[in-house]
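Below is one structure, written out as structure tokens; comments come after it.
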Ligand code: AHG
Ligand code: MN
Ligand code: MN
Ligand code: MN
């Protein structure tokens, strides 16, 4: 077996406009090693269950939402290259009294509803440029996703894996027993075609007509308009569903639905849709809100939601045309 390059070796070899972004990635990766240990300890460390608080998303927080948020928040605030941060679990941004460097948005624990039943969860992060002449304000975080300088996620599953994109390509690192991230996937690419869709079918009666038409076509199988049978998966952890799509293709949909018509979907633009869209596009896939590329959307609010359709490029196009 060839010697596997580690994350530090990969970062050293990567060409980036600003070397300091590598320090931020290294800090996040180290924090996620710590998170993997507390996630893996589960009931032993008493970290399962509800925290008894409601977050800015109007969700009941899990204890691990808070524990993981604190681990990332402290690590980032101690990093000289980080000027500010925003989190799913924090109502407002937090600044570090610095100018220049980078802004980090993150979802410290994605798929929290799975943590108490031992199903894969993850951490998602997005790194943006900070203003170089002053401390950042909330407005500075509202950049279109195409301006991200890096994005990644960690999936805490049978393997703990970090998937990362800096200036080009998508690379996968597997956490080894000694706490080192070793590159195990050096050319992650999404096949343009698929026969596997991911959607929460229990919301079917609430979807808009085009999504209902598209899914109905898949369900009709080889005797229907698609001429082939489809499989379905829904982990209810975006990180796990996106990771599967990066590994074997597929299409993921969390569309607008009528349950909360004033909210355009469940997933958050800044720390779920944008980082995942950058990774998916860099792997040759597509990511839209059903019509427009996610990365081209102009954010207007820190915790704004967006419908998400992402994965195999040709399939994403079929949803837009449905
Ligand atoms: P989070 O746990 O960070 O709040 O995100 C959960 C999201 C996403 O991970 C997943 O795709 C989706 O919620 C699942 O939603 P449903 O439970 O409605 O299926
Ligand atoms: Mn949540
Ligand atoms: Mn999430
Ligand atoms: Mn979360």
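The values are calculated or read from the model by the stated rules, or taken from the named source; none is laboratory data. Quantities reported herein were computed from a predicted structural model and do not represent experimental measurements. Quick reminder, even Gly has a Cβ in these numbers, built from the backbone with ideal geometry, and neighbours come from all protein chains shown.
The combined condition, being assigned to a loop (DSSP other than H, G, I, E, B), within 12 Å of ligand 2 (Cβ to nearest atom), closer than 26 Å to residue 166 by Cβ and not assigned by TED's automatic domain parsing to the domain that holds residue 267, is not fulfilled by residue 135. When 179, 111, 172 are checked against the criterion of being surrounded by fewer than 24 Cβ atoms within 10 Å (Cβ to Cβ), within 30 Å of residue 40 (Cα to Cα), within 17 Å of the chain's Cα centre (by Cα) and away from ligand 4 (no atom under 16 Å from the Cβ), 172 stands alone in meeting it.
The set of residues from segment 47-89 being in a loop (DSSP other than H, G, I, E, B), within 13 Å of ligand 1 (Cβ to nearest atom) and closer than 23 Å to residue 139 by Cβ comprises 55, 56, 57, 88, 89. Only residues that are over 16 Å from residue 162 (Cα atoms) and part of a helix (DSSP H, G or I) were counted across segment 1-20, and they come to 3.
Residue 53 meets all of the listed conditions (1) touching a strand residue (DSSP E or B) at 6+ places or on another chain (Cβ under 7 Å); (2) within 14 Å of ligand 2 (Cβ to nearest atom); (3) modelled with pLDDT of 95 or more but one, namely (3). Given the condition crowded, with 22+ Cβ neighbours inside 10 Å, within 16 Å of ligand 4 (Cβ to nearest atom) and in the same structural domain as residue 170 (by TED's automatic domain parsing), answer yes or no: does some residue in segment 9-26 qualify? No, segment 9-26 contains no residue that is crowded, with 22+ Cβ neighbours inside 10 Å, within 16 Å of ligand 4 (Cβ to nearest atom) and in the same structural domain as residue 170 (by TED's automatic domain parsing). For residue 66, the conditions (1) more than 12 Å from ligand 4 (Cβ to nearest atom); (2) surrounded by fewer than 20 Cβ atoms within 10 Å (Cβ to Cβ); (3) over 19 Å from residue 149 (Cα atoms) are fulfilled apart from (1). Being in contact with a strand residue (DSSP E or B) (Cβ under 7 Å, 6 or more places away or on another chain) and either within 11 Å of ligand 1 (Cβ to nearest atom) or outside the structural domain of residue 144 (by TED's automatic domain parsing) (or both) is the requirement here; does residue 115 meet it? In short, yes. Take the conditions within 16 Å of ligand 4 (Cβ to nearest atom), in contact (Cβ under 8 Å) with a residue 12 or more places away in the chain and not in a loop (DSSP other than H, G, I, E, B) and apply them to residue 241. Does it pass? Considered against the rule, which asks whether it is within 16 Å of ligand 4 (Cβ to nearest atom), in contact (Cβ under 8 Å) with a residue 12 or more places away in the chain and not in a loop (DSSP other than H, G, I, E, B), residue 241 comes out as yes.
A Cβ distance below 6 Å, combined with a sequence gap of six or more or placement on separate chains, defines the contacts here; from segment 77-102, residues that are at positive phi reach residues that are surrounded by fewer than 18 Cβ atoms within 10 Å (Cβ to Cβ) in the pairs 100/132. Figure legend. Inter-residue proximity from segment 41-66: first residues at positive phi, second residues away from ligand 4 (no atom under 15 Å from the Cβ) and not in a strand (DSSP E or B), beta-carbon distance below 8 Å, spacing 6+ or different chains. Indicated pairs: 42/48; 42/118.
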